[in-house]
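Trainee: Pasting in a structure now, in structure tokens, and then I'll have a few things to ask.
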Amino acid sequence: MSTAALPTPAAERGADTRTGLGRLTLVELRKMTDTRAGFWLLLSTAALTVGAAVMACLVFPHEERILLSFLVLAVQPASILMPIVGILLVSSEWSQRTAMITFTLVPDRSRVLVAKLLAGLVLAGIAFLLCLLVALLAMAVAGVDGDAAWSLETGLIGQVAISVAVPMLVGIGFGAVLLASAPAIVLYFVLPTAWTGLGAISALEGAASWLDMSRTMAPMLDETLSAAQWARVATSLALWMVLPIALGLWRIARSDVR
């Protein structure tokens, strides 16, 4: 007499096990590249990075042909364009109506946003490494000689990497707050620019020196920051990066999904 096989309980099959944060991050990385907008933005960033390196070889005078100068120029396209990829990563969940699928598979919405932030950091790190490689190749093609020209302090390398990562996180924060691509992209560029303009007013000079991110982060590409300069950077990032991410998390957690 045969015995019927009983189905394996769901708990033993791991059906109630949460998806790991690493896997969620890989999923979000794929979302950045498998859309036409994301693909062309990343391709344009790569093309502009190479173009910037070529321009540096042609126009930099001999005394300015140092690795830091080449690297700073190479990371500019990534710092400007990649935040748009970060905005689209969040806002497309609503514009493409995939949020219901995403949050059905991962009910804890905060974990989804954390995965998007980690994916943004990973992509920014990859972009920085590619920019560094392009800068090194440009130095070699330009025939730059001398150990001093090729040397670069570890602190400055980290600061340039941060200057690439921060705009990406700010972009994700703006996308999370507005959940719509067009207004998020417009406000990402308009608000900091408007604040920089207001900072030129003498009455707002003191506040701008602490809250204008473009002003506080500008020395990161030129010199190793002091403790006072890092304090200004942290203050401006609390306004332009931490606050939007926190508000975005609050809104995503309470937004209706259709």
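Trainee: When the residues of region 166-190 are filtered to those that are buried (at least 19 other Cβ atoms within 10 Å of the Cβ) and of a type in the set (V, I, T), which remaining residue is nearest to I126 (Cα to Cα)?
Mentor: V166
Trainee: List pairs: first residue in region 229-258 and aliphatic (A, V, I, L, M), second residue exposed (fewer than 15 other Cβ atoms within 10 Å of the Cβ) and in a helix (DSSP H, G or I) anywhere in the structure, Cβ distance under 7 angstrom, at least six positions apart or on different chains.
Mentor: L249/S110; A253/S110; V257/M100
Trainee: Do you know which residues across region 107-160 are of a type in the set (G, A, S) and either touching a Phe, Trp or Tyr at 6+ places or on another chain (Cβ under 7 Å) or on the phi > 0 side of the Ramachandran plot (or both)?
Mentor: Residues satisfying the conditions are A135, A138, G143, G146.
Trainee: If you take the residues in region 58-78 that are more than 14 Å from A149 (Cα to Cα) and out of contact with any Leu (no Cβ under 6 Å at 6 or more places or on another chain), which one is surrounded by the fewest Cβ atoms within 10 Å (Cβ to Cβ)?
Mentor: Out of the qualifying residues, it is L58.
Trainee: I would also like to ask the following. Hey, can you tell me all the residues within region 56-71 that are part of a helix (DSSP H, G or I) and within 14 Å of L136 (Cα to Cα)?
Mentor: A56, C57, L67, L68, S69, F70, L71
Trainee: Separate question: May I ask you to list pairs of residues, at least six apart or on different chains, whose Cβ atoms are under 9 Å apart, with the first in region 118-129 being touching a residue at least 60 places away in the same chain (Cβ under 8 Å) and the second being part of a helix (DSSP H, G or I) and of a type in the set (F, W, Y)?
Mentor: Correct list of pairs: empty, since none qualify.
Trainee: In region 1-50, how many residues are over 24 Å from S181 (Cα atoms), touching a helix residue (DSSP H, G or I) at 6+ places or on another chain (Cβ under 8 Å) and at pLDDT 90 or above?
Mentor: Of the residues in region 1-50, 3 are over 24 Å from S181 (Cα atoms), touching a helix residue (DSSP H, G or I) at 6+ places or on another chain (Cβ under 8 Å) and at pLDDT 90 or above.
Trainee: Continuing with the same structure: So, in region 131-164, of the ones that are in contact with a helix residue (DSSP H, G or I) (Cβ under 8 Å, 6 or more places away or on another chain) and farther than 19 Å from R65 by Cα, which residue ends up surrounded by the most Cβ atoms within 10 Å (Cβ to Cβ)?
Mentor: Ranking the candidates gives V164 first.
Trainee: Right, A234: modelled with pLDDT under 95 and of a type outside the set (S, T, Y) or not?
Mentor: no
Per-residue answers, yes or no, for (1) under 27 Å from L24 (Cα atoms); (2) of a type in the set (A, V, I, L, M, F, W, C):
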site: A56; (1), (2): no, yes
site: H62; (1), (2): no, no
site: G86; (1), (2): yes, no
site: S92; (1), (2): yes, no
site: T102; (1), (2): yes, no
site: L105; (1), (2): yes, yes
site: S110; (1), (2): yes, no
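Trainee: Say we look at region 86-113 and pick out the residues that are of a type in the set (S, T, Y) and in a helix (DSSP H, G or I); which of these is modelled with the lowest pLDDT?
Mentor: Step by step, filter region 86-113, then rank; the result is S95.
The values are calculated or read from the model by the stated rules, or taken from the named source; none is laboratory data. Being a predicted model, the structure only gives us computed values, none of them experimental. Every residue, glycine among them, receives a Cβ derived from its backbone with ideal geometry; neighbour counts consider all protein chains shown.
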